[in-house]
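Take a look at the structure below.
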Amino acid sequence: MQNKTITVNIENGLEARPIALLVQEAGKFDSRIHLEIGTKKVNAKSIMGMMSLGLTNGDDLTIIADGSDEEAAVAALAEFLTESK
């Protein structure tokens with residue numbers, strides 16, 4: 001299992017489109033991937049779960065991946081969530 005704590009920094013915010021793109025990015029990996037913020041932990045491959053997090057810029061969250069490509073999954077999602085688009 002791999003995990004990484006990051007601070008969200010997406011220039012255009014985390015409205016429906018960026019969340020959908022994040023779910024698509026997570027779907028590229030075989031590993032189980034979850035995002036955890038506070039007491040909430042959701043499947044990063046679930047659009048409804050991701051929308052329920054209500055992420056905003058500046059939020060600290062932990063990316064957790066478990067599986068054959070866990071390192072690549074954590075790195076890709078961390079990059080997506082921290083690079084201004």
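Observations, loosely collected:
- For the chain, calculated [θ]222 nm from helices alone, where every DSSP H run of n ≥ 4 adds -39500 (n - 2.57): -11500 deg cm²/dmol
- Note on the chain: the alpha carbon radius of gyration divided by the globular reference 2.2 N^0.38 Å gives 0.95.
- The mean sequence distance of close C-alpha pairs (under 8 Å, at least 6 residues apart), as a share of the length of the chain, puts its relative contact order at 48 percent.
- Volume of the Cα convex hull of the stretch 13-53, divided per residue and given in Å³: 58 Å³
FYI, it's all coordinate maths here, none of it is from the lab. These numbers were taken from a predicted model, which means no experiment stands behind them.
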